[in-house]
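Student: Pasting in a structure now, in structure tokens, and then I'll have a few things to ask.
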Amino acid sequence: MPLLLSSTPLHSWLLAISVSLLVACHKPAPEAPPPRPALVMQLTDLHTDHGQWLTGEVRPRYESAQGFRIAGKIIQRHVEVGDHVKKGQMLARLDAEDNQLSLASAQAALQSAEAQLALAEADSKRQRQLFEKRFISAAALDTVETRLKSSLAQVEQAQAQVRVASNQAQYTTLAAERDGIVTAIDAEPGQVVSAGQVIARVAVPAELEVQIAIPESRLENLEPGAPAIIRLWSNRDQVYQGRIREIAPAADPATRTFRTKVSLLNADEKVQIGMTAGVRLERQEQAFVLPSTAVSQQHGEAQVWVMDANNRVHAQQVDIGGYSEQGVSIVSGLKGDETLVVTGIHTLTEGQAVTPLRTEINQ
């Protein structure tokens, strides 16, 4: 009995020590981290893109690359780059000595053939008279008639040779095919050129257009006849009206773009051939333009982060229309009233709470 009384205080003391150790080992739960700051922007109509800007070059609609129809040595050039020419005006001339000799030879061959024909006609006339008097046979007459037909054919051949030689002599001069302006000279006097080699280019400055290259992603909903707005890089304040005249049916194999020609409808003297111009193509649909930092890729799909009313972010898949200096064009996936996170999107997680910091990017 005294043993039981002496063990009770010891038991209580050990129990108290155990409780104290357990309390000392238990750590309080860590506090939840505060919402991280996030730069956000409100998606409004101020962020819509109604068109596409592409860079191109001012070119004439009609431009002739002219060359001689025969080979030869250039002895004269009568125009310079920038000269205005009229239809039929001489641009350059070849050495015509060889062609004149060929013409003289063809004319001599024609005279010889005509003399042979006259002799064959006279012989045929005599032989027919003899045949009518039964002095020669029909076979002999047929031989004479055949010789007459051969002589006639030789005359026709010689006449054709004369016409060819005459044309060759005329081909030694290169004349302008239309009224226009000389935009390039590719040969000089003393140079021996081949038939068809480009000597000069003559453009018609009255009708100008801008040639641009449209990527595959921007070709949808564009067709000939669609309106466009054109600005020259040398004079960005002046706006010109344009219209798509032609879209290439096949993409360029090197650039994978479609060559497109946009006619200038109200060009003035400030528009010069070769100038750089920006072309804005009107679209059938609207697209939201976002900063490139607001769009990321997840499993091959483009996405943005949308903040809800409770300041929590959620991933939203979108479709990209293209990239430009203004940002990324979003053609679908957004309604227009969302609040988007524009920086630090790669560290966000689904449902994460953020502290929004407003920005005025792109407004």
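The values are calculated or read from the model by the stated rules, or taken from the named source; none is laboratory data. Note that the structure is a prediction, hence the values are computed from the model and not measured. Backbone-built Cβ (ideal geometry, glycine too); neighbour counts: all protein chains shown. Note: areas computed on protein heavy atoms with side chains; ligands, DNA, RNA excluded. Shrake-Rupley method; radii C 1.70, N 1.55, O 1.52, S 1.80 Å.
Student: Please specify each residue of region 311-333 satisfying the condition of being aliphatic (A, V, I, L, M) and modelled with pLDDT under 85.
Tutor: Once the filter is applied, which keeps residues that are aliphatic (A, V, I, L, M) and modelled with pLDDT under 85, region 311-333 yields I320, V328, I330, V331.
Student: Only one of (1) surrounded by 12 or more Cβ atoms within 10 Å (Cβ to Cβ); (2) free of Cβ contacts under 8 Å to residues at least 40 places away in the same chain is not met by Q298, so which one is it?
Tutor: (1)
Student: Considering only strands (runs of 3 or more DSSP E) fully contained in region 312-356, which possess at least 1 residues that are open to solvent by 60 Å² or more (accessible area, probe 1.4 Å) and either within 30 Å of R218 (Cβ to Cβ) or of a type outside the set (V, I, T) (or both)?
Tutor: Hits in region 312-356: 313-317, 319-324.
Residue-by-condition table, conditions (1) at pLDDT 85 or above; (2) in contact with a Leu (Cβ under 7 Å, 6 or more places away or on another chain):
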position: L264; (1), (2): yes, yes
position: G274; (1), (2): yes, no
position: V306; (1), (2): yes, yes
position: A309; (1), (2): yes, no
position: G336; (1), (2): no, yes
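Student: Identify, from the list A226, A187, the residue that is in contact (Cβ under 8 Å) with a residue 40 or more places away in the chain and either under 30 Å from F68 (Cβ atoms) or touching a Gly at 6+ places or on another chain (Cβ under 7 Å) (or both).
Tutor: Details: A226 fails: either under 30 Å from F68 (Cβ atoms) or touching a Gly at 6+ places or on another chain (Cβ under 7 Å) (or both).
Step by step, each of A226, A187 is checked, and only A187 is in contact (Cβ under 8 Å) with a residue 40 or more places away in the chain and either under 30 Å from F68 (Cβ atoms) or touching a Gly at 6+ places or on another chain (Cβ under 7 Å) (or both).
Student: Is it the case, given these coordinates, that V81 is at pLDDT 90 or above and assigned to a loop (DSSP other than H, G, I, E, B)?
Tutor: Details: at pLDDT 90 or above: yes; assigned to a loop (DSSP other than H, G, I, E, B): yes.
So V81 fits the description; yes.
Student: Further, regarding this structure: Here are some residues: F258, F288. Which one is buried (at least 18 other Cβ atoms within 10 Å of the Cβ), at pLDDT below 90, touching a helix residue (DSSP H, G or I) at 6+ places or on another chain (Cβ under 9 Å) and assigned to a strand (DSSP E or B)?
Tutor: Values: F258 fails: at pLDDT below 90.
Step by step, each of F258, F288 is checked, and only F288 is buried (at least 18 other Cβ atoms within 10 Å of the Cβ), at pLDDT below 90, touching a helix residue (DSSP H, G or I) at 6+ places or on another chain (Cβ under 9 Å) and assigned to a strand (DSSP E or B).
Student: Residue pairs, Cβ under 9 Å, 6 or more apart or interchain, first in region 64-81 and closer than 26 Å to P205 by Cα, second at pLDDT below 90 and part of a strand (DSSP E or B). List them.
Tutor: Note: no pairs meet the criteria.
Residues are listed down the side, and each one gets a yes or a no for (1) farther than 30 Å from G336 by Cβ; (2) open to solvent by 60 Å² or more (accessible area, probe 1.4 Å); (3) modelled with pLDDT under 90; (4) not acidic (D, E):
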residue: D49; (1), (2), (3), (4): no, no, yes, no
residue: Q66; (1), (2), (3), (4): yes, no, no, yes
residue: N99; (1), (2), (3), (4): yes, no, yes, yes
residue: R126; (1), (2), (3), (4): yes, yes, yes, yes
residue: L141; (1), (2), (3), (4): yes, no, yes, yes
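Student: Could we say that L110 is part of a helix (DSSP H, G or I), among the aliphatic types (A, V, I, L, M) and either under 22 Å from V155 (Cα atoms) or at pLDDT 90 or above (or both) here?
Tutor: yes
Student: Follow-up. Can you confirm whether region 172-187 contains a residue that is of a type in the set (A, V, I, L, M), at pLDDT below 90 and open to solvent by less than 70 Å² (accessible area, probe 1.4 Å)?
Tutor: no
Student: If you don't mind, another one. Condition first: under 20 Å from the mean Cα position of the chain (by Cα) and open to solvent by less than 30 Å² (accessible area, probe 1.4 Å). Now tell me which residues in region 195-239 satisfy that.
Tutor: A203, L208, E209, V210, I212, I214, L222, A226, A228, I230, L232
Student: From the list F135, F131, which one is among the aromatic types (F, W, Y), open to solvent by 70 Å² or more (accessible area, probe 1.4 Å) and either in contact with a helix residue (DSSP H, G or I) (Cβ under 8 Å, 6 or more places away or on another chain) or over 30 Å from S64 (Cβ atoms) (or both)?
Tutor: Matching residue, one of F135, F131: F135.
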